[in-house]
Structure formats: C-alpha cells, structure tokens
Amino acid sequence: MSYLIYVALFGTAVTLFLWLRDARIFFRTGLEGYRKAAYHGVAYSSLASLGTAFTLTMPSFELLGLGLILAALYLQGKITREKVWKNETTIARFLGSVPIKRPNKK
C-alpha cells in the first residue's frame with residue numbers, strides 16, 4: 001500500500017468539503033456564483049471519487065487517479081464567486097459562516 005492512497009483520500013475529502021461549503025453559502029445567501037459552484041461541485045466530487053477508486057483498486061493507475069483528483073480541485077477553484085466576507089475570522093471563512101439574507105417582513 002502506497003502513501004499516495006492517503007494523499008488521494010485527503011484530496012477527495014477536501015473536494016467534498018469545498019462542495020458542501022459552497023452549497024451552505026448558497027443556501028444562506030442565494031448568490032448566483034455559489035449556486036454555480038455548488039452544482040459544479042457535484043461533478044467535481046464525482047471526478048475526485050473516481051480518482052480515489054482508481055488509486056485504491058488499481059495500483060498501476062494510482063498516478064492517473066491522483067491526476068483526476070488534482071483536476072477536480074483545480075476546476076473547483078476556477079469558478080468565480082462573489083465576495084461574501086468582510087472582517088470575519090479564518091475559522092468562520094473555513095466553515096462558510098455567512099449572514100443569512102432574509103426577505104423583508106412587514
């Protein structure tokens with residue numbers, strides 16, 4: 001068992017985390033950039049999961065699996081998103097904590 005399996009698992013976990021964070025920010029704010037990021041995050045998480053499957057099941061294709069995971073992370077970072085933070089802490093940004101936009105009540 002190679003150490004690259006752990007790298008693949010970590011990369012896939014990061015891809016899934018970023019997808020869920022984008023979805024959380026979209027549900028809290030309704031911003032179009034995060035909606036697009038959340039929808040594309042499904043495909044990128046699937047690509048990363050496929051890369052992990054290659055890495056785990058076929059040791060001769062572990063570099064191909066890592067390439068798929070890196071491609072998913074790269075593509076996930078290329079989506080343009082709106083700025084939602086002003087002076088929040090690092091942990092708040094890491095967890096995707098943003099103020100909820102509520103409709104005006106009468």
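A short reminder: the numbers here are calculations on the coordinates, not readings from a lab. These numbers come from a predicted model, not from an experiment. With ideal geometry, Cβ positions are generated from the backbone for all residues, glycine too; neighbour counts draw on all protein chains shown.
Here are the numbers:
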{"quantity": "Which listed residue is out of contact with any strand residue (DSSP E or B) (no Cβ under 8 Å at 6 or more places or on another chain), surrounded by 16 or more Cβ atoms within 10 Å (Cβ to Cβ) and small (G, A, S), from A37, A53", "calculated": "A37"}
{"quantity": "S2 vs. criteria hydroxyl-bearing (S, T, Y) and in a helix (DSSP H, G or I)", "calculated": "no"}
{"quantity": "Looking only at the stretch 66-98, and only at residues there that are of a type in the set (G, A, S) and surrounded by 12 or more Cβ atoms within 10 Å (Cβ to Cβ), the one that is nearest to Y3 (Cα to Cα)", "calculated": "G67"}
{"quantity": "Given (1) under 17 Å from A23 (Cα atoms); (2) not in a helix (DSSP H, G or I), index of the condition A92 fails", "calculated": "(2)"}
